[in-house]
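Here's the structure we're looking at; comments come further down.
Where a number appears in this text, it was derived from the coordinates with a stated rule and is not lab data. Keep in mind that this is a model prediction, so the values were computed, not measured. Using ideal geometry, Cβ is built from the backbone for each residue, glycine included, and neighbour counts are taken over all protein chains shown.
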Amino acid sequence: MVTKGSLRSHTFTTSKTARYFTLGPDIQSAKGVLIALHGYGQLPEFFLRKFSAVAEAGWAVIAPEGLHRFYLEGAHGRVGASWMTKEDRESDIADYVAYLDQLMTELQPHHSHPVLLGFSQGVATASRWAALGQTSFARLILWAGVFPPDYPWETGWERLNGLPIDIALGTEDPFFGSELMNNTATILQGKSIDHRTHSFEGGHAIEPQLLFRLLEESAP
């Protein structure tokens, strides 16, 4: 409870219906499982279009939707989703970590260690889930997004140490320059965590050929 004078803020936990989309073969018969976390203002059904090549190659792609939907412009028209805002951020982080862990329990993939990819805002979500959640991953791919400055290293260091980590960024990205990749690499180097960086010709988007190559390295 937060108190400001006589104004008091309270919280309680309630259930919410979450949505996720899949692409590719059935998860139980797939070559591998990729969990793809979308960026700010995206919907997973459209986000998944960039993953058709890996789905055709036998990967099951799972795209959960952020729990916050909103109109992208004004009060009508196109709708997007977000993982969190700055408002009551600690609760949002706890909620989406619990939601994503629950999703993995629901799916029960026979691949015990899926690949986790975060794109744009999904980078912070993916990296926090890897640190705070109950799910183990075979690889972490941070694509065109910011590694959170308040990352919980007290739990995250051990979870990331030994986990293959790839950082990908387009040369024409309108939101981030090369300093994003350099800064993220510096953070990981400072913690002695192995990682690789990848540049590709393109903007703020998934580059299918690079993604396919990274996933093939993770194939069982």
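Per-residue HN-Hα couplings for region 34-51, Karplus 6.51 cos²θ - 1.76 cosθ + 1.60 at θ = phi - 60°, whole Hz, x for Gly and Pro?
Computed from phi, the couplings for region 34-51 are 10, 9, 10, 9, 6, x, 4, x, 9, 10, x, 5, 8, 4, 5, 4, 6, 10 Hz.
Please compute the contact order of region 45-149 in relative form: average sequence separation of alpha-carbon pairs under 8 Å and at least six residues apart, divided by the residue count, as a percent.
Computed value for region 45-149: 19 percent relative contact order.
So which aspartates and glutamates can LYS86 reach, going by Cα to Cα under 13 Å and dropping same-chain residues fewer than 8 places off?
Counting by Cα, and skipping residues close in sequence, LYS86 has these aspartates and glutamates nearby: ASP150.
If contacts are Cα pairs under 8 angstrom and at least 6 residues apart, what is the relative contact order of region 1-108 in percent? Present the calculation step by step, with values, prior to reporting the outcome.
Numbers: 144 pairs, mean separation 25.9, N = 108.
Answer for region 1-108 is 24 percent.
Within region 75-99, what residues put their amide N at less than 19 Å from the label point 7 Å along the Cα-to-Cβ vector of HIS10?
The answer is 88, 91, whose backbone nitrogens lie closer than 19 Å to the label point.
If I model a spin label as a point 7 Å beyond the Cα along the Cα-Cβ vector, how far apart are those points for ALA94 and ASN182 in nm?
3.9
In terms of modelled amide H atoms, which long-range or inter-chain residues lie less than 5 Å from the amide H of ALA205?
Hits under the 5 Å cutoff: GLY170.
What's the magnitude of the charge dipole for region 20-218 around its Cα centre, counting Lys and Arg as +1 and Asp and Glu as -1 at the beta-carbon? Answer in Debye, nearest 20. Write down the numbers at each step before the final one.
Values: 13 positive and 24 negative charges, 43 e Å.
Charge dipole, region 20-218, about its Cα centre: 200 debye, nearest 20.
Given +1 on the Cβ of Lys and Arg, -1 on the Cβ of Asp and Glu, and no further charges, what dipole in debye does region 2-137 carry about its Cα centre, rounded to the nearest 20? Intermediate values should be presented prior to the final figure.
Values: 12 positive and 12 negative charges, 54 e Å.
Roughly 260 debye, rounded to the nearest 20.
Select one label from [x] 19; [y] 14; [z] 29: the one whose number is percent of Cα pairs over 31 Å apart as derived from the coordinates shown.
Answer label, from the structure shown: [x].
Tell me, VAL97, VAL146 in order of fewest to most beta-carbon neighbours within 10 Å?
Numbers: VAL97 19, VAL146 16.
Lowest count first: VAL146, VAL97.
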